[in-house]
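Read the structure below first, then the notes.
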(Lines give C-alpha, C1' and ligand atoms only; values in the text may rest on other atoms or scores of the structure.)
Protein backbone atom coordinates (compact mmCIF):
# COMPACT_ATOMS: atom_id res chain seq x y z
CA UNK A 1 0.00 0.00 0.00
CA UNK A 2 1.85 3.09 -1.32
CA UNK A 3 0.63 6.63 -1.95
CA UNK A 4 2.95 8.76 -4.13
CA UNK A 5 0.80 11.82 -3.44
CA UNK A 6 0.26 12.72 0.21
CA UNK A 7 -1.93 15.85 0.42
CA UNK A 8 -1.67 18.12 3.46
CA UNK A 9 -4.36 17.97 6.13
CA UNK A 10 -7.05 20.60 6.21
CA UNK A 11 -7.74 22.11 9.58
CA UNK A 12 -10.54 20.21 11.36
CA UNK A 13 -10.60 17.49 8.65
CA UNK A 14 -11.99 14.10 9.68
CA UNK A 15 -9.86 10.95 9.53
CA UNK A 16 -12.18 9.14 7.13
CA UNK A 17 -12.45 12.30 5.02
CA UNK A 18 -8.69 12.58 4.68
CA UNK A 19 -8.31 8.91 3.73
CA UNK A 20 -10.94 9.21 0.98
CA UNK A 21 -9.30 12.40 -0.29
CA UNK A 22 -5.90 10.63 -0.19
CA UNK A 23 -7.27 7.80 -2.34
CA UNK A 24 -8.90 10.23 -4.77
CA UNK A 25 -5.68 12.26 -5.22
CA UNK A 26 -3.81 9.04 -6.02
CA UNK A 27 -6.24 8.17 -8.80
CA UNK A 28 -8.10 5.44 -6.93
CA UNK A 29 -11.76 5.44 -7.97
CA UNK A 30 -13.09 2.90 -5.46
CA UNK A 31 -12.03 2.76 -1.81
CA UNK A 32 -12.76 -1.00 -1.73
CA UNK A 33 -9.73 -1.60 -3.98
CA UNK A 34 -7.43 -0.47 -1.14
CA UNK A 35 -9.45 -0.75 2.09
CA UNK A 36 -11.32 -3.80 3.29
CA UNK A 37 -14.52 -3.37 5.28
CA UNK A 38 -12.80 -3.83 8.67
CA UNK A 39 -10.20 -1.16 7.88
CA UNK A 40 -12.82 1.29 6.64
CA UNK A 41 -14.92 0.75 9.76
CA UNK A 42 -11.89 1.32 12.02
CA UNK A 43 -11.09 4.62 10.29
CA UNK A 44 -14.72 5.78 10.63
CA UNK A 45 -14.65 4.90 14.34
CA UNK A 46 -11.33 6.74 14.81
CA UNK A 47 -9.46 3.55 15.68
CA UNK A 48 -6.26 1.95 14.45
CA UNK A 49 -6.41 0.02 11.17
CA UNK A 50 -3.35 -2.03 12.23
CA UNK A 51 -1.70 -0.82 9.03
CA UNK A 52 1.32 1.20 10.16
CA UNK A 53 1.62 3.30 6.96
CA UNK A 54 -2.07 4.21 6.90
CA UNK A 55 -2.30 4.89 10.64
CA UNK A 56 0.67 7.24 10.37
CA UNK A 57 -1.13 9.31 7.73
CA UNK A 58 -4.54 9.60 9.43
CA UNK A 59 -5.13 12.76 11.52
CA UNK A 60 -5.38 12.31 15.31
CA UNK A 61 -8.92 11.59 16.50
CA UNK A 62 -10.41 14.20 18.80
CA UNK A 63 -13.46 14.24 21.05
CA UNK A 64 -16.37 15.54 18.99
CA UNK A 65 -18.83 16.45 21.73
CA UNK A 66 -18.97 16.74 25.51
CA UNK A 67 -22.69 15.95 25.39
CA UNK A 68 -23.57 12.35 26.23
CA UNK A 69 -26.50 9.96 25.91
CA UNK A 70 -26.45 7.07 28.39
CA UNK A 71 -27.37 4.48 25.77
CA UNK A 72 -24.19 5.16 23.72
CA UNK A 73 -20.59 4.55 24.62
CA UNK A 74 -19.19 6.83 21.90
CA UNK A 75 -20.72 10.03 20.49
CA UNK A 76 -19.57 9.50 16.89
CA UNK A 77 -21.63 8.89 13.77
CA UNK A 78 -20.75 5.84 11.66
CA UNK A 79 -22.64 7.15 8.64
CA UNK A 80 -21.85 10.43 6.87
CA UNK A 81 -23.70 13.71 7.04
CA UNK A 82 -22.40 16.49 4.83
CA UNK A 83 -22.97 20.07 3.79
CA UNK A 84 -23.11 19.93 -0.01
CA UNK A 85 -21.98 23.56 -0.23
CA UNK A 86 -18.86 22.85 1.86
CA UNK A 87 -17.99 19.72 -0.14
CA UNK A 88 -18.36 21.59 -3.44
CA UNK A 89 -16.47 24.63 -2.15
CA UNK A 90 -13.67 23.03 -0.12
CA UNK A 91 -13.60 19.38 -1.23
CA UNK A 92 -13.19 17.70 2.17
CA UNK A 93 -15.16 16.37 5.16
CA UNK A 94 -15.11 18.22 8.45
CA UNK A 95 -14.49 16.17 11.60
CA UNK A 96 -17.47 17.80 13.31
CA UNK A 97 -19.80 16.28 10.75
CA UNK A 98 -19.38 13.01 12.68
CA UNK A 99 -20.69 14.74 15.81
CA UNK A 100 -24.21 13.26 16.26
CA UNK A 101 -25.41 16.41 18.06
CA UNK A 102 -24.56 18.72 15.14
CA UNK A 103 -27.20 18.61 12.40
CA UNK A 104 -26.52 21.85 10.49
CA UNK A 105 -23.60 23.58 8.79
CA UNK A 106 -22.45 26.53 10.90
CA UNK A 107 -20.93 28.17 7.80
CA UNK A 108 -23.82 27.97 5.33
CA UNK A 109 -26.68 27.71 7.88
CA UNK A 110 -28.19 24.72 6.08
CA UNK A 111 -29.02 21.15 7.06
CA UNK A 112 -26.33 18.48 7.03
CA UNK A 113 -27.49 15.71 4.69
CA UNK A 114 -27.38 12.06 5.75
CA UNK A 115 -29.69 10.98 2.92
CA UNK A 116 -29.91 11.92 -0.73
CA UNK A 117 -32.62 14.58 -1.20
CA UNK A 118 -33.50 13.01 -4.56
CA UNK A 119 -33.75 9.26 -3.83
CA UNK A 120 -33.72 9.24 0.02
CA UNK A 121 -30.92 6.63 0.05
CA UNK A 122 -28.62 6.84 3.09
CA UNK A 123 -25.25 8.33 2.16
CA UNK A 124 -22.13 6.18 2.50
CA UNK A 125 -18.47 7.02 3.10
CA UNK A 126 -17.24 6.67 -0.49
CA UNK A 127 -14.95 8.63 -2.78
CA UNK A 128 -17.97 9.71 -4.83
CA UNK A 129 -19.26 11.65 -1.82
CA UNK A 130 -16.22 13.94 -2.17
CA UNK A 131 -17.65 14.92 -5.56
CA UNK A 132 -20.81 16.15 -3.84
CA UNK A 133 -22.97 13.40 -5.31
CA UNK A 134 -25.33 10.72 -3.99
CA UNK A 135 -23.43 7.54 -3.17
CA UNK A 136 -26.20 5.22 -4.39
CA UNK A 137 -25.23 3.55 -7.71
CA UNK A 138 -28.87 3.90 -8.78
CA UNK A 139 -28.86 7.66 -8.34
CA UNK A 140 -25.54 9.55 -8.34
CA UNK A 141 -27.22 12.98 -8.63
CA UNK A 142 -25.55 16.06 -7.19
CA UNK A 143 -26.50 16.75 -3.58
CA UNK A 144 -28.47 19.95 -3.14
CA UNK A 145 -28.70 22.54 -0.36
CA UNK A 146 -31.50 21.84 2.16
CA UNK A 147 -32.83 24.36 4.74
CA UNK A 148 -31.93 23.71 8.36
CA UNK A 149 -34.53 22.62 10.90
CA UNK A 150 -34.55 25.30 13.63
CA UNK A 151 -35.90 22.68 16.05
CA UNK A 152 -32.55 20.84 15.71
CA UNK A 153 -30.20 23.81 15.84
CA UNK A 154 -28.74 23.30 19.32
CA UNK A 155 -26.95 20.12 20.50
CA UNK A 156 -29.46 19.85 23.35
CA UNK A 157 -32.40 19.85 20.93
CA UNK A 158 -30.73 17.10 18.89
CA UNK A 159 -30.09 15.13 22.10
CA UNK A 160 -33.81 15.19 22.92
CA UNK A 161 -34.78 14.24 19.38
CA UNK A 162 -32.47 11.22 19.54
CA UNK A 163 -34.31 9.97 22.65
CA UNK A 164 -37.66 10.02 20.84
CA UNK A 165 -36.13 8.55 17.68
CA UNK A 166 -34.78 5.59 19.66
CA UNK A 167 -38.34 4.74 20.74
CA UNK A 168 -39.56 5.00 17.15
CA UNK A 169 -36.96 2.46 15.98
CA UNK A 170 -37.70 0.25 19.04
CA UNK A 171 -34.14 0.59 20.28
CA UNK A 172 -34.90 2.13 23.68
CA UNK A 173 -33.95 -0.90 25.82
CA UNK A 174 -30.55 -1.56 24.28
CA UNK A 175 -27.18 0.08 24.79
CA UNK A 176 -24.99 0.52 21.70
CA UNK A 177 -21.39 1.56 21.26
CA UNK A 178 -22.29 4.16 18.62
CA UNK A 179 -25.46 5.99 17.51
CA UNK A 180 -27.65 3.55 15.54
CA UNK A 181 -27.46 3.86 11.77
CA UNK A 182 -31.25 3.58 11.59
CA UNK A 183 -31.65 7.05 13.14
CA UNK A 184 -31.43 9.27 10.07
CA UNK A 185 -31.98 13.00 9.59
CA UNK A 186 -35.54 12.28 8.41
CA UNK A 187 -36.25 10.38 11.62
CA UNK A 188 -34.74 13.13 13.79
CA UNK A 189 -36.90 15.72 12.02
CA UNK A 190 -39.96 13.61 12.80
CA UNK A 191 -38.86 13.25 16.44
CA UNK A 192 -38.39 17.02 16.77
CA UNK A 193 -41.90 17.54 15.36
CA UNK A 194 -43.32 15.13 17.97
CA UNK A 195 -41.59 17.09 20.72
CA UNK A 196 -42.73 20.48 19.44
CA UNK A 197 -46.19 19.83 18.00
CA UNK A 198 -48.88 18.58 20.46
CA UNK A 199 -50.95 17.08 17.63
CA UNK A 200 -47.95 15.07 16.41
CA UNK A 201 -47.29 13.99 20.00
CA UNK A 202 -50.89 12.71 20.32
CA UNK A 203 -50.54 10.71 17.10
CA UNK A 204 -47.22 9.30 18.38
CA UNK A 205 -48.81 8.25 21.69
CA UNK A 206 -51.77 6.67 19.89
CA UNK A 207 -49.40 4.66 17.70
CA UNK A 208 -47.56 3.38 20.76
CA UNK A 209 -50.81 2.53 22.59
CA UNK A 210 -51.99 0.42 19.63
CA UNK A 211 -49.08 -1.91 20.34
CA UNK A 212 -50.37 -2.73 23.84
CA UNK A 213 -52.81 -5.68 24.16
CA UNK A 214 -55.99 -4.91 26.07
CA UNK A 215 -54.92 -7.31 28.87
CA UNK A 216 -51.85 -5.18 29.69
CA UNK A 217 -51.47 -1.83 31.47
CA UNK A 218 -50.37 1.08 29.28
CA UNK A 219 -47.08 1.55 31.12
CA UNK A 220 -45.76 -1.60 29.42
CA UNK A 221 -45.17 0.70 26.44
CA UNK A 222 -45.37 4.18 27.96
CA UNK A 223 -42.63 3.59 30.56
CA UNK A 224 -40.11 4.29 27.78
CA UNK A 225 -41.67 7.69 27.14
CA UNK A 226 -41.78 8.44 30.88
CA UNK A 227 -38.01 7.91 31.08
CA UNK A 228 -37.47 10.10 28.02
CA UNK A 229 -39.52 12.99 29.42
CA UNK A 230 -37.46 12.85 32.62
CA UNK A 231 -34.24 13.19 30.59
CA UNK A 232 -35.20 15.96 28.16
CA UNK A 233 -32.84 18.95 28.20
CA UNK A 234 -35.04 21.54 26.46
CA UNK A 235 -38.47 23.08 26.82
CA UNK A 236 -40.76 21.75 24.08
CA UNK A 237 -44.25 22.56 22.87
CA UNK A 238 -45.53 19.01 23.48
CA UNK A 239 -44.31 18.60 27.05
CA UNK A 240 -47.76 19.05 28.62
CA UNK A 241 -49.18 16.46 26.20
CA UNK A 242 -46.44 13.98 27.12
CA UNK A 243 -46.84 14.68 30.84
CA UNK A 244 -50.54 13.81 30.56
CA UNK A 245 -50.07 10.76 28.33
CA UNK A 246 -52.10 8.52 30.66
CA UNK A 247 -55.10 10.84 30.73
CA UNK A 248 -56.27 10.09 27.18
CA UNK A 249 -58.34 7.25 25.75
CA UNK A 250 -56.53 5.02 23.25
CA UNK A 251 -57.44 2.24 20.84
CA UNK A 252 -55.66 -0.90 22.03
CA UNK A 253 -54.49 -4.07 20.32
CA UNK A 254 -56.70 -7.18 20.50
CA UNK A 255 -53.68 -9.46 20.17
CA UNK A 256 -52.95 -11.95 22.97
CA UNK A 257 -50.20 -11.31 25.50
CA UNK A 258 -46.80 -12.32 24.17
CA UNK A 259 -43.45 -12.69 25.91
CA UNK A 260 -42.26 -9.49 27.60
CA UNK A 261 -38.49 -9.44 28.08
CA UNK A 262 -36.81 -6.61 29.98
CA UNK A 263 -33.75 -6.05 32.09
CA UNK A 264 -34.58 -6.72 35.75
CA UNK A 265 -34.16 -3.07 36.71
CA UNK A 266 -36.59 -1.97 33.97
CA UNK A 267 -39.04 -4.75 34.91
CA UNK A 268 -39.08 -3.56 38.53
CA UNK A 269 -40.00 -0.06 37.36
CA UNK A 270 -42.80 -1.33 35.11
CA UNK A 271 -44.35 -3.62 37.73
CA UNK A 272 -43.87 -1.05 40.48
CA UNK A 273 -41.68 -3.06 42.86
CA UNK A 274 -38.07 -2.96 44.04
CA UNK A 275 -35.32 -4.90 42.31
CA UNK A 276 -35.09 -7.32 45.27
CA UNK A 277 -38.82 -8.04 44.97
CA UNK A 278 -38.30 -9.14 41.36
CA UNK A 279 -36.32 -12.06 42.81
CA UNK A 280 -39.33 -12.99 44.99
CA UNK A 281 -41.61 -13.03 41.95
CA UNK A 282 -39.09 -15.26 40.17
CA UNK A 283 -39.20 -17.66 43.13
CA UNK A 284 -43.00 -17.99 43.01
CA UNK A 285 -42.98 -18.50 39.23
CA UNK A 286 -44.68 -15.27 38.09
CA UNK A 287 -41.46 -14.09 36.43
CA UNK A 288 -38.82 -16.20 34.73
CA UNK A 289 -35.21 -15.42 33.82
CA UNK A 290 -32.86 -16.54 31.03
CA UNK A 291 -29.97 -17.00 33.47
CA UNK A 292 -29.25 -19.55 36.19
CA UNK A 293 -26.90 -17.12 37.93
CA UNK A 294 -27.85 -14.72 40.73
CA UNK A 295 -30.22 -11.99 39.59
CA UNK A 296 -28.54 -8.72 38.59
CA UNK A 297 -30.01 -5.40 37.48
CA UNK A 298 -29.11 -6.19 33.84
CA UNK A 299 -30.40 -9.80 33.92
CA UNK A 300 -33.07 -10.38 31.28
CA UNK A 301 -36.42 -11.39 32.81
CA UNK A 302 -39.74 -12.34 31.18
CA UNK A 303 -42.72 -10.78 33.00
CA UNK A 304 -45.77 -11.80 30.94
CA UNK A 305 -46.57 -14.42 33.62
CA UNK A 306 -47.62 -11.64 35.99
CA UNK A 307 -50.23 -10.37 33.55
CA UNK A 308 -51.52 -13.75 32.35
CA UNK A 309 -52.04 -14.65 36.01
CA UNK A 310 -53.92 -11.41 36.67
CA UNK A 311 -56.05 -11.84 33.54
CA UNK A 312 -57.76 -14.77 35.30
CA UNK A 313 -59.45 -12.32 37.71
CA UNK A 314 -62.31 -10.54 35.93
CA UNK A 315 -63.33 -7.10 37.15
CA UNK A 316 -66.06 -6.50 39.75
CA UNK A 317 -67.55 -3.07 40.46
CA UNK A 318 -67.40 -3.58 44.26
CA UNK A 319 -63.61 -3.69 44.15
CA UNK A 320 -61.43 -0.55 44.23
CA UNK A 321 -57.96 -0.04 42.67
CA UNK A 322 -54.86 -0.23 44.85
CA UNK A 323 -54.05 3.32 43.77
CA UNK A 324 -56.87 4.52 46.03
CA UNK A 325 -55.32 2.64 48.96
CA UNK A 326 -51.75 3.77 48.35
CA UNK A 327 -51.39 5.57 51.71
CA UNK A 328 -52.90 2.61 53.56
CA UNK A 329 -50.41 0.26 51.86
CA UNK A 330 -47.50 2.52 52.86
CA UNK A 331 -48.65 2.59 56.49
CA UNK A 332 -48.67 -1.21 56.63
CA UNK A 333 -45.54 -1.70 54.52
CA UNK A 334 -47.51 -3.53 51.79
CA UNK A 335 -46.27 -3.62 48.20
CA UNK A 336 -47.55 -5.07 44.92
CA UNK A 337 -45.35 -8.14 45.43
CA UNK A 338 -47.20 -8.92 48.68
CA UNK A 339 -50.54 -8.58 46.89
CA UNK A 340 -49.51 -10.80 43.97
CA UNK A 341 -48.10 -13.54 46.19
CA UNK A 342 -51.16 -13.41 48.48
CA UNK A 343 -53.47 -13.70 45.46
CA UNK A 344 -51.45 -16.62 44.10
CA UNK A 345 -51.71 -18.36 47.48
CA UNK A 346 -55.47 -17.59 47.58
CA UNK A 347 -55.00 -15.47 50.71
CA UNK A 348 -56.45 -12.31 49.12
CA UNK A 349 -59.33 -11.77 46.69
CA UNK A 350 -58.40 -9.47 43.80
CA UNK A 351 -59.80 -8.33 40.46
CA UNK A 352 -57.98 -7.06 37.39
CA UNK A 353 -58.91 -4.26 35.02
CA UNK A 354 -55.96 -3.13 32.84
CA UNK A 355 -55.35 0.60 33.18
CA UNK A 356 -52.26 2.83 33.57
CA UNK A 357 -50.09 0.52 35.68
CA UNK A 358 -50.57 -2.31 38.17
CA UNK A 359 -51.47 0.04 41.04
CA UNK A 360 -54.43 1.25 38.95
CA UNK A 361 -55.18 -2.19 37.46
CA UNK A 362 -55.33 -4.46 40.52
CA UNK A 363 -58.56 -4.05 42.52
CA UNK A 364 -59.42 -5.28 46.03
CA UNK A 365 -62.33 -5.21 48.47
CA UNK A 366 -61.49 -2.45 51.00
CA UNK A 367 -62.66 -4.38 54.09
CA UNK A 368 -60.91 -7.60 53.11
CA UNK A 369 -57.77 -5.66 52.24
CA UNK A 370 -57.80 -3.95 55.65
CA UNK A 371 -57.86 -7.38 57.33
CA UNK A 372 -55.08 -8.64 55.05
CA UNK A 373 -52.87 -5.64 55.90
CA UNK A 374 -53.32 -6.11 59.64
CA UNK A 375 -52.49 -9.82 59.39
CA UNK A 376 -49.46 -8.95 57.28
CA UNK A 377 -48.30 -6.48 59.95
CA UNK A 378 -48.66 -9.11 62.66
CA UNK A 379 -46.74 -11.60 60.54
CA UNK A 380 -43.90 -9.09 60.16
CA UNK A 381 -43.90 -8.50 63.92
CA UNK A 382 -43.58 -12.25 64.49
CA UNK A 383 -40.65 -12.51 62.06
CA UNK A 384 -38.68 -9.52 63.31
CA UNK A 385 -37.22 -7.96 66.44
CA UNK A 386 -36.24 -4.46 67.47
CA UNK A 387 -32.73 -3.12 66.89
CA UNK A 388 -32.21 -2.98 70.68
CA UNK A 389 -33.08 -6.68 71.01
CA UNK A 390 -30.82 -7.59 68.06
CA UNK A 391 -27.96 -5.77 69.78
CA UNK A 392 -28.68 -7.71 72.97
CA UNK A 393 -28.75 -11.20 71.45
CA UNK A 394 -25.89 -10.75 68.96
CA UNK A 395 -23.56 -8.66 71.09
CA UNK A 396 -23.18 -6.12 68.26
CA UNK A 397 -23.41 -2.53 69.57
CA UNK A 398 -26.57 -0.68 68.55
CA UNK A 399 -24.51 2.11 66.94
CA UNK A 400 -22.81 -0.49 64.70
CA UNK A 401 -26.20 -1.94 63.69
CA UNK A 402 -27.42 1.55 62.75
CA UNK A 403 -24.29 2.03 60.63
CA UNK A 404 -25.02 -1.21 58.78
CA UNK A 405 -28.59 -0.02 58.16
CA UNK A 406 -27.49 3.42 56.97
CA UNK A 407 -24.94 1.93 54.54
CA UNK A 408 -27.51 -0.49 53.10
CA UNK A 409 -25.81 -3.62 54.41
CA UNK A 410 -28.71 -4.41 56.73
CA UNK A 411 -32.32 -3.97 55.59
CA UNK A 412 -34.77 -2.81 58.26
CA UNK A 413 -38.52 -3.44 58.33
CA UNK A 414 -41.11 -0.91 59.47
CA UNK A 415 -44.47 -1.61 61.13
CA UNK A 416 -47.45 0.75 61.15
CA UNK A 417 -47.72 2.60 64.46
CA UNK A 418 -44.11 1.85 65.36
CA UNK A 419 -41.48 4.35 64.22
CA UNK A 420 -38.56 2.16 65.28
CA UNK A 421 -36.73 -0.05 62.81
CA UNK A 422 -37.01 -3.83 63.12
CA UNK A 423 -34.71 -6.55 61.80
CA UNK A 424 -35.78 -9.88 60.26
CA UNK A 425 -35.01 -12.88 62.47
CA UNK A 426 -33.11 -14.58 59.62
CA UNK A 427 -30.82 -11.53 59.36
CA UNK A 428 -30.32 -11.62 63.14
CA UNK A 429 -29.13 -15.22 62.86
CA UNK A 430 -26.62 -14.23 60.17
CA UNK A 431 -25.33 -11.40 62.36
CA UNK A 432 -24.97 -13.77 65.30
CA UNK A 433 -22.79 -16.09 63.22
CA UNK A 434 -20.38 -13.24 62.54
CA UNK A 435 -19.96 -12.99 66.33
CA UNK A 436 -19.54 -16.77 66.68
CA UNK A 437 -22.81 -16.96 68.62
CA UNK A 438 -25.14 -19.91 68.19
CA UNK A 439 -28.80 -18.89 68.14
CA UNK A 440 -31.87 -20.97 67.38
CA UNK A 441 -34.91 -19.97 65.35
CA UNK A 442 -36.81 -19.86 68.65
CA UNK A 443 -35.16 -16.54 69.62
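The values are calculated or read from the model by the stated rules, or taken from the named source; none is laboratory data. Values in this document were obtained by computation on a predicted structure and should not be read as measured data. With ideal geometry, Cβ positions are generated from the backbone for all residues, glycine too; neighbour counts draw on all protein chains shown.
Taken as a whole, the structure leaves residue 176 outside the set of residues that are surrounded by fewer than 17 Cβ atoms within 10 Å (Cβ to Cβ), under 20 Å from residue 300 (Cα atoms) and touching a helix residue (DSSP H, G or I) at 6+ places or on another chain (Cβ under 7 Å). You will find that of 215, 199, the residue that is at pLDDT 90 or above, more than 25 Å from residue 267 (Cβ to Cβ) and not assigned by TED's automatic domain parsing to the domain that holds residue 74 is 199 and no other. For residue 183, are the conditions met, namely being in contact (Cβ under 8 Å) with a residue 24 or more places away in the chain and crowded, with 18+ Cβ neighbours inside 10 Å? Against the criterion (in contact (Cβ under 8 Å) with a residue 24 or more places away in the chain and crowded, with 18+ Cβ neighbours inside 10 Å), residue 183 does not qualify. Please work out if residue 59 is without any contact (Cβ under 8 Å) to a residue 24 or more places away in the chain, in a loop (DSSP other than H, G, I, E, B), over 25 Å from residue 184 (Cα atoms) and in contact with a helix residue (DSSP H, G or I) (Cβ under 6 Å, 6 or more places away or on another chain). The answer is no for residue 59. Could you grab me the full set of residues in the range 203-224 that are touching a helix residue (DSSP H, G or I) at 6+ places or on another chain (Cβ under 6 Å) and within 30 Å of residue 148 (Cα to Cα)? Residues satisfying the conditions are 204, 205, 208, 224. Mind listing just one residue for me: the one in the range 123-133 that is touching a helix residue (DSSP H, G or I) at 6+ places or on another chain (Cβ under 8 Å) and either part of a loop (DSSP other than H, G, I, E, B) or assigned by TED's automatic domain parsing to the domain that holds residue 182 (or both) and, of those, farthest from residue 41 (Cα to Cα)? Residue satisfying both the conditions and the ranking: 132.
Annotation note: Cβ proximity below 7 Å between a residue of the range 328-349 that is on the phi > 0 side of the Ramachandran plot and a residue that is assigned to a helix (DSSP H, G or I) and modelled with pLDDT under 90 (sequence gap 6+ or interchain) occurs for 333/380.
Listed by first and then second residue, the pairs with beta-carbon distance under 6 Å, at least 6 apart or on different chains, first residue in the range 19-44 and over 23 Å from residue 62 (Cβ atoms), second loosely packed, with under 14 Cβ neighbours inside 10 Å, are 25/5; 26/5. Within the range 10-33, restricting attention to residues that are assigned to a loop (DSSP other than H, G, I, E, B) and surrounded by fewer than 17 Cβ atoms within 10 Å (Cβ to Cβ), the residue that is nearest to the chain's Cα centre (by Cα) is 12. All of (1) touching a strand residue (DSSP E or B) at 6+ places or on another chain (Cβ under 6 Å); (2) in a loop (DSSP other than H, G, I, E, B) hold for residue 250 with one exception: (1). Scanning the range 89-113 for residues that are touching a residue at least 40 places away in the same chain (Cβ under 8 Å) and assigned to a helix (DSSP H, G or I) gives 90, 95, 96, 97, 98. Between 274, 289, which is touching a helix residue (DSSP H, G or I) at 6+ places or on another chain (Cβ under 9 Å) and at pLDDT below 90? None of the others qualify; the one that does is 274.
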